[in-house]
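The values are calculated or read from the model by the stated rules, or taken from the named source; none is laboratory data. Because the structure is predicted, anything quoted here is derived from the model rather than measured. No Cβ is skipped: glycine too gets one built from the backbone with ideal geometry, and neighbour counts run over all protein chains shown. What goes into the accessible areas is simple: the full protein's heavy atoms, side chains included, and nothing from ligands, DNA or RNA. Shrake-Rupley method; radii C 1.70, N 1.55, O 1.52, S 1.80 Å.
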Amino acid sequence: MPVKIRLQRHGKKGKPFYWVVAADARAKRDGKFLEKLGIYNPNTNPATIELDIDSTVKWLQNGAQPTDTAKAILSYRGVLLKHHLLGGVRKGALTEEQAEEKFNTWVSEKEQAIADKVGGLDKVKADARVAALKAEKEVNEKRAAEAAAALLPEVPEGESAEAEVEAVEAAGEPEQVVEAADATPEAPATEEDKA
């Protein structure tokens, strides 16, 4: 029975979520499997990958063939490296302690690289948030300036604010004169008017 290490799709439409499984190559994609080895979630950034490394290495040693995508995932988590190192132990090129030390060193470096990537993504998000806030403040200030300008009376070109004030004061004087003229009593009627 040919065994494949492959992905089994789960999750809703547009949001895939995969199980990494060891399954008979003749079984359906989402059908029966022999053992669940881990999960792969491509919806997060960076992608979430959790694997049982020892079980996966055991399947590889027993002849299971990973698909292309599964092979990339196994390589990313160091399963293929551990399988390679254990091959060196079987041949006598390494001791188990040396192989375990090399693998642990590689895993710690990989975890550090992933943590740096997450930190970089967080920094990019924070910078984008600050830039968006700054742009929003500029837009709000521009709107406030336009609203304030719309409330002020229009000044003809070439006139200063002082000229405008003088024009308003001068405009106020004739109104007072007109009011004063209306308030004057009528002149007494002359003798000719009486006749």
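The table for this structure:
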| quantity | calculated |
| --- | --- |
| Enumeration of residues in region 1-26 that are open to solvent by less than 60 Å² (accessible area, probe 1.4 Å), within 16 Å of PRO66 (Cα to Cα) and not acidic (Asp, Glu) | VAL3, ILE5, ARG6, LEU7, GLN8, TYR18, VAL20, VAL21, ALA22, ALA23, ALA25 |
| Among residues of region 1-60, those that are part of a strand (DSSP E or B), closer than 27 Å to VAL124 by Cα and free of Cβ contacts under 8 Å to residues at least 24 places away in the same chain, counted | 2 |
